[in-house]
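Notes for the one structure printed next.
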Amino acid sequence: MPASDLKKELIEYIENTNDEELLSLMKEDLIFYGKVKDADITDGLSDEQLKELKVLSEEDEAKDTMTLDEYKKATEQWRTK
């Protein structure tokens, strides 16, 4: 897709949202990536933070998942009948 078409599409998305948090995130990314060529969001992380991020990314995504029955039992005291 040509850059001009992509710009038009992005402008349309921006004009059609009132989500201030989303707009703020987009602005931060544009500023960050606009200033630094070949920048990566992890560039400012320490070695320890990078290791933790790697561990978390390799963690089983179902690690803390519970069944519906387990959820109902765990939240039973807060639900009304």
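Below 17 Å, Cα to Cα, which lysines can Lys63 reach? Residues fewer than 8 away in the same chain don't count.
Candidates past the 8-residue exclusion: Lys54.
Calculate what fraction, in whole %, of the accessible area of the chain sits on carbon and sulfur atoms when a 1.4 Å probe is rolled over the protein chains. Intermediate results must be reported in sequence, preceding the final value.
Working: 4390 of 8170 Å².
In the chain, the share of accessible area belonging to carbon and sulfur is 54 percent.
Can you compute the helix-only [θ] at 222 nm over the chain? Use -39500 (n - 2.57) per DSSP H run of at least 4 residues, normalise by all residues, nearest 500 deg cm²/dmol. Write down the numbers at each step before the final one.
Details: 4 runs with 49 residues, N = 81.
It comes out at -19000 deg cm²/dmol, rounded to the nearest 500.
Pull up the cross-link candidates among the lysines for Lys8, meaning alpha carbon to alpha carbon under 29 Å and not fewer than 8 places away within one chain.
Cα-Cα hits under 29 Å: Lys27, Lys35, Lys37.
Any chance you could run the full-extension gain for Lys27 through Gln77? It's 0.36 nm times the residue separation minus the Cα-Cα distance, nm to one decimal. Walk me through the numbers on the way to the answer.
Details: separation 50, 0.36 × 50 = 18.00 nm, distance 4.33 nm.
Gain on stretching Lys27 to Gln77: 13.7 nm.
Averaged per residue, what accessible area in Å² does the chain show with a 1.4 Å probe, protein chains only?
Details: 8170 Å² over 81 residues.
Value returned for the chain: 101 Å² of accessible area per residue.
Rg(Cα) of the chain divided by 2.2 N^0.38 Å?
Working: Rg = 20.8 Å, N = 81, 2.2 N^0.38 = 11.7 Å.
It is 1.78.
Among residues other than Leu45 whose Cβ falls under 11 Å from its Cβ, what is the net charge (Lys/Arg +1, Asp/Glu -1)? It would help to have the intermediate numbers written out before the result.
On the way: positive: Lys51, Lys54; negative: Asp40, Asp43, Asp47, Glu48, Glu52.
Once positives and negatives cancel, what remains is -3.
Over the chain, with a Gaussian network built from C-alpha contacts below 10 Å, which listed residue (Glu12, Glu28, Glu48) shows the highest mean-square fluctuation?
In the Gaussian network model the winner is Glu12.
The values are calculated or read from the model by the stated rules, or taken from the named source; none is laboratory data. Since the structure is predicted, the reported quantities are computational estimates derived from the model, not experimental observations. Cβ sites come from the backbone with ideal geometry, for glycine too, and all protein chains shown count toward neighbours. Surface areas here come from the heavy atoms of the whole protein model, side chains and all, with no ligands, DNA or RNA. Shrake-Rupley method; radii C 1.70, N 1.55, O 1.52, S 1.80 Å.
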